[in-house]
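The structure appears below as structure tokens.
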Amino acid sequence: MIPDVTVFRFFRSGDLMFQSFPLARRAYLLMVIFITIPFAFLAFQHAQYAKQHLLNEKKQALLTIATILEQRFPDSFDITADDSRGAEAVDKRRILYNKLQPILREVAIEWPGYGFGYYDKDLRVVALIPEDTRLLGATATDEALEVYRSKHTETVYISNGFTHGNAIILSVNYPLYHRGEIIGHIWANARDKDIQAAYYAELGKTLSLLVIILLVILTGVWWLIWNNNCSLTKLAEHIKQGGEEEAYFRDFPQIKPLLDTVASLRQRLRNEYAAQVKVSAEIARLDRLNLIGDIATGVVHEIRNPMTVIRGYIQRMMLKADASQTAQYAIIIEEIDRMNETLTAFLTLAKNRRVEIGLHNINLIISNLMPLIEVGAYKAGVKVEYSPAERPLMVYADDKEIRQLMLNLTRNAIEATPAKGVLSVSTALIGNAVCLTVADTGSGIPPWNIEKIFDPFFTTKDTGTGLGLAICKSIIDRHHGRIDVHSRRGSGTVFTVELPVVA
Ligand code: ADP
Ligand code: MG
């Protein structure tokens, strides 16, 4: 038979739950043990009490019956003395039977289910309920006859009574006295089977209750665990998909630190990935630059040599030329010089350039350079302010390159600054770095250009080469320094160069 699909799934999921939740299985087992044992104990105890109670009740009932009988019996029925003096035992028994049996019948209506009767010491069974005339005159068992020896009411178990046949019965035997002598006894019986049955019924009831309670508790716990498991699965799925929503782990506050760790790891991965992307882009850019640089270096070398030859010939031709031609030759030579200057600048960018590193005082290099910078600034009507640090700032550097760096930066500043503007140059020691600052009150650099200004050939000027800042960058890289730029359109630009100080 194919199992019902839903039921099948239900068990499957339950099964899965237990596989992923060995804790639940253990909890279940413990719960079953801890609930079943005390409950079962209580159930047996309870049934035992119930049985005892029932027994007492029956005993009480039997005593009551016996007492009622004793009260309803005629004051004296000592037939040996009265009505039937000299009669045969059988007749005496019949006389007494007729006298007592109606009384028993009356009581039997009030107390159904019990057996009782009157037993005469000499005549034996005289009257009895349930009625059975065949038993008249039968002899009682020894247990019942114990009453004649002990002389008081006896409660005994009898395995073979008159009224209930071979069943085990509980019997109360109540002695009757006449003139100080026991003349017989009233008995009242109840089946022990009834008591046992009541005991088992009680036990069954309590045990059923136990099973129901157990089932309810286990179902409740199962539901809780299942629910928990569902939330946990949902949470795991949520985390897997990158979610960090509070609502999902409200049920599991213990997991919060774990989630924080996951979140921070994720953030770190994201940051690292972003950094990686940036580095890759930078590497690609450098590769491109390197290639261009390599080609350019070769080309520059090839151009410079013929240019030197051309310049030499033109100089020679100049000597022989007339005045008008001399002016034209001068222009050619000037242009060739300009080209040469550009080419030289270009070579400065070459990556395998030789640098001559030495220990220098930056203040000194810049102070020596200031007159040259001032000449350029003066031509453009720009005021120059120079504030060097008070103490010497020693760096390992190629002084020619530092000079080139400062000239490029100040030239750009002067070119960007209108007349009456200010160019400020300063040096300072900040932490472990020597800071060179070149600030101007010029046009500023628009934000969309800031990223590009260090690229070779990026220029916004008609006659610019776009190499000045690229050279600055390569010089700073060779000196293990860094350069920062802050600029605001219309109000000026500040370039800050940091170089490691030699303490
Ligand atoms: P070039 O000076 O030949 O244009 P650079 O590499 O020196 O090449 O400079 C690149 C560009 O950066 C310049 O064209 C200019 O737009 C911008 N720039 C550099 N310095 C400044 C400055 N101090 N103020 C304004 N813009 C500047
Ligand atoms: Mg420039």
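No lab work stands behind these numbers, since they all come straight from the coordinates. Note that the coordinates shown come from a computational prediction; the quantities given were computed from them, not determined experimentally. Cβ coordinates were reconstructed from backbone atoms using ideal geometry, including for glycine residues, and neighbour counts include every protein chain displayed.
Comparing S171, G481, S280 along the charge dipole axis of the chain, the residue lying farthest to the positive side is G481, per the Cβ-charge model.
May I ask you to list the GluC sites (Glu not before Pro) in the stretch 92-138 that are in a DSSP loop and have at most 16 other Cβ atoms within 10 Å of their Cβ?
Counting only loop positions with at most 16 other Cβ atoms within 10 Å, the GluC sites (Glu not before Pro) in the stretch 92-138 are E131.
For the stretch 208-239 versus the stretch 94-113, the inter-centroid distance based on Cα atoms is 65 Å. In whole Å, how far is the Cα centre of the stretch 25-66 from that of the stretch 306-332? Cα centroid of the stretch 25-66 versus Cα centroid of the stretch 306-332: 131 Å apart. Neighbour counting of Cβ atoms within 10 Å sorts the residues D455, D192, fewest neighbours leading, into D455, D192.
Bridgeable aspartates and glutamates around K234 (alpha carbons under 14 Å apart, same-chain partners fewer than 8 residues away excluded): E244, E245, E246, D251.
Karplus-derived 3J(HN,Hα) values for the stretch 248-256, using 6.51 cos²θ - 1.76 cosθ + 1.60 with θ = phi - 60°, are 6, 10, 4, 6, 10, x, 5, 7, 3 Hz; glycine and proline are entered as x. Quick one: dipole size for the chain, taken about the Cα centre, charges +1 on Lys/Arg Cβ and -1 on Asp/Glu Cβ, in debye to the nearest 20. With only Lys, Arg, Asp and Glu charged at Cβ, the dipole is about 1520 debye. Here the residues T496, T155, ranked from fewest to most Cβ neighbours within 10 Å of their Cβ, fall in the order T155, T496. Pairs with C-alpha atoms separated by more than 18 Å, drawn from the list K92/K151; K59/K99; K51/K193; K92/K121; K383/K473, are K92/K151; K59/K99; K383/K473. Measuring nothing but how far apart in sequence close Cα pairs (under 8 Å, 6+ apart) lie, relative to its length, the chain scores a relative contact order of 9 percent. In terms of surrounding Cβ atoms within a 10 Å radius of their Cβ, D398, D322 rank from fewest to most as D322, D398.
Close amide H partners of L123, meaning residues 5 or more places away or on another chain with modelled amide H under 5 Å apart, do not exist here. Considering only P500, N228, L359, and ranking their Cα positions along the charge dipole of the chain that arises from unit charges at the beta-carbon of Lys, Arg, Asp and Glu, the one farthest toward the positive end is L359. Once the Cα atoms of helix 323-348 and of the chain are each reduced to a long axis, what angle between those two axes, in degrees from 0 to 90 to the nearest 10, is obtained? Relative to the chain, helix 323-348 is tipped by roughly 30 degrees. For the stretch 161-251, GluC sites (Glu not before Pro) meeting the loop criterion (DSSP other than H, G, I, E, B) and having at most 11 other Cβ atoms within 10 Å: E245.
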